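To start, the structure itself, in structure tokens.
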Amino acid sequence: MAHGDPRRVLRLNERPEPVPGAGEVLLDSEGFGLNYADTMAVRGLYRDAPSVPCVLGYETVGRVIAVGAGADPAFLGQRVVAITRFGGYAQRAVADQRACAVISSDMPLGVALALATQGCTAWYAARVLCPLRKGERVLVHSAAGGVGRMLVQLALDQGCEVYAIAGGPEKCAHLAAMGVQHVIDRKAGDPYAALRTALGGHKLDASFNAVGGSTFKKDMKLLAHGGRLVLYGGAQRGESGLFGTLGFVWRMGLVVPVFLMMGSRSLLGVNMLRIGESRADLLAECLKATVEACREGVLRPHVHGEYPAAELPSALQELASGRTMGKVAVRW
């Protein structure tokens with residue numbers, strides 16, 4: 001196995017059925033979700049991914065058919081959405097019971113999957129790490145994506161003034177229909193020129209950035225005193241290997257901590273894998289909160305589409321292309 005084009009390197013293989021360990025549950029999966037990190041892992045750009053050959057995937061939806069030692073037997077037979085530390089691209093998958101949330105039998109597959117990795121990332125970023133306040137000016141990059149749309153919804157729910165950057169008129173129209181006050185099409189010209197015009201001399205209170213690279217420095221310059229920059233992705237990274245990494249870091253530039261203090265600005269990073277490893281209780285809190293927020297209508301996931309498992313490579317290609325909006329799901 002190798003990294004590269006999903007159509008060349010992905011294979012559907014038979015593997016032994018996993019056995020749930022202590023505190024884990026085994027799911028009979030209906031399907032699984034795709035995340036941008038998956039597209040990077042397939043290309044060899046995601047350092048946390050296991051060595052190939054491996055089973056990727058951060059989330060699944062299905063019925064619990066077995067529980068490990070110490071896991072709550074009440075989960076048996078329940079339909080749950082679960083966050084997996086890889087291994088989600090499987091008909092049978094294991095998950096920590098703390099990373100599972102019971103869902104209704106009628107919740108659509110794609111909606112449920114959107115509440116897992118993407119929903120928890122947005123919730124942790126905008127409700128736990130960087131709680132938003134009414135009236136704050138908030139920038140969301142990749143605002144029509146899975147995490148971006150939910151960050152937009154959480155910001156609007158808090159009464160914030162939202163500045164959303166997306167690519168293309170269809171995505172921008174979608175965001176405007178959601179109630180975003182300032183929608184910026186990055187394909188229509190310099191998005192930062194449009195952003196500065198929309199700000200009208202004001203500064204940002206918060207920026208949620210999934211792009212990194214050169215956008216990082218530009219966001220930092222636009223932060224107000226007391227402003228926060230939340231970095232949760234690196235979509236601008238291009239090439240693999242050492243030179244790709246160095247180029248990406250070079251474009252982001254150097255941060256001097258004392259200047260953050262003097263300007264009363266904060267730089268915050270989000271990696272939900274690390275949260276799951278060290279704070280499973282916090283991951284559980286976020287997952288349950290996203291499911292409840294969906295029930296209450298605060299989070300309204302948009303599903304780009306559901307693909308059959310045989311079309312997984314094409315689904316990953318579509319996600320990597322930047323043409324999707326919201327969640328991309330795969331059904332067995």
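Consider residue 7 carefully, then state whether it is over 22 Å from residue 115 (Cα atoms) and among the basic types (Lys, Arg).
So residue 7 passes the test.
Any idea which residue in the range 1-30 is nearest to residue 111 (Cα to Cα), counting only those that are assigned to a strand (DSSP E or B) and not acidic (Asp, Glu)?
The qualifying residue nearest to residue 111 (Cα to Cα) is 29.
Take the residues of the range 200-209 that are within 14 Å of residue 140 (Cβ to Cβ) and not acidic (Asp, Glu): which is surrounded by the fewest Cβ atoms within 10 Å (Cβ to Cβ)?
Step by step, filter the range 200-209, then rank; the result is 204.
Can you tell me which residue within the range 273-332, out of those that are closer than 20 Å to residue 155 by Cα and acidic (Asp, Glu), is surrounded by the most Cβ atoms within 10 Å (Cβ to Cβ)?
My answer is 285.
For the range 136-147, does any single residue satisfy the condition of being among the small types (Gly, Ala, Ser), farther than 16 Å from residue 272 by Cβ and more than 11 Å from the chain's Cα centre (by Cα)?
Within the range 136-147, one or more residues are among the small types (Gly, Ala, Ser), farther than 16 Å from residue 272 by Cβ and more than 11 Å from the chain's Cα centre (by Cα).
Within the range 152-177, can you find the residues that are crowded, with 18+ Cβ neighbours inside 10 Å and closer than 23 Å to residue 188 by Cα?
Across the range 152-177, the qualifying residues are 152, 161, 162, 163, 164, 165, 166, 167, 171, 172, 174, 175.
Within the range 125-135, can you find the residues that are in contact with a helix residue (DSSP H, G or I) (Cβ under 8 Å, 6 or more places away or on another chain) and closer than 12 Å to residue 160 by Cα?
126, 132
Among the residues of the range 178-187, are any under 30 Å from residue 30 (Cβ atoms) and either basic (Lys, Arg) or modelled with pLDDT of 95 or more (or both)?
yes
Table: residues versus (1) farther than 30 Å from residue 13 by Cα; (2) in a strand (DSSP E or B); (3) modelled with pLDDT under 95.
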{"residue": "234", "(1), (2), (3)": "yes, no, yes"}
{"residue": "248", "(1), (2), (3)": "yes, no, yes"}
{"residue": "255", "(1), (2), (3)": "yes, no, yes"}
{"residue": "259", "(1), (2), (3)": "yes, no, yes"}
{"residue": "290", "(1), (2), (3)": "yes, no, no"}
{"residue": "307", "(1), (2), (3)": "no, yes, no"}
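Among the residues of the range 213-220, is any at pLDDT 95 or above, of a type in the set (Val, Ile, Thr), closer than 17 Å to residue 139 by Cβ and not in a strand (DSSP E or B)?
No, there is no match, as no residue in the range 213-220 is at pLDDT 95 or above, of a type in the set (Val, Ile, Thr), closer than 17 Å to residue 139 by Cβ and not in a strand (DSSP E or B).
Okay, residues lined up against (1) buried (at least 16 other Cβ atoms within 10 Å of the Cβ); (2) farther than 13 Å from residue 99 by Cα; (3) without any contact (Cβ under 8 Å) to a residue 12 or more places away in the chain; (4) not hydrophobic (A, V, I, L, M, F, W, C):
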| site | (1), (2), (3), (4) |
| --- | --- |
| 12 | no, yes, no, no |
| 32 | yes, yes, no, no |
| 36 | yes, yes, no, yes |
| 39 | yes, yes, no, yes |
| 54 | no, yes, no, no |
| 70 | no, yes, no, yes |
| 83 | yes, no, no, no |
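Go over the candidates 86, 32 one by one and state the one that is aromatic (Phe, Trp, Tyr) and over 17 Å from residue 327 (Cα atoms).
When all the criteria are applied, what remains is 86.
Let me confirm something: among 162, 180, which residue is β-branched (Val, Ile, Thr), more than 14 Å from the chain's Cα centre (by Cα) and not in a strand (DSSP E or B)?
Only one candidate qualifies: 180.
Would you mind finding the one in 299, 319, 283 that is touching a residue at least 60 places away in the same chain (Cβ under 8 Å) and touching a Cys at 6+ places or on another chain (Cβ under 7 Å)?
That would be 283, the only listed residue that is touching a residue at least 60 places away in the same chain (Cβ under 8 Å) and touching a Cys at 6+ places or on another chain (Cβ under 7 Å).
Look through 33, 88, 119, 77 and report the one residue that is small (Gly, Ala, Ser) and part of a helix (DSSP H, G or I).
The conditions single out 119.
The values are calculated or read from the model by the stated rules, or taken from the named source; none is laboratory data. Note that this is a predicted model, so its numbers are computed, not measured. Counting neighbours? That spans all protein chains shown, and the Cβs are built from the backbone with ideal geometry, glycine included.
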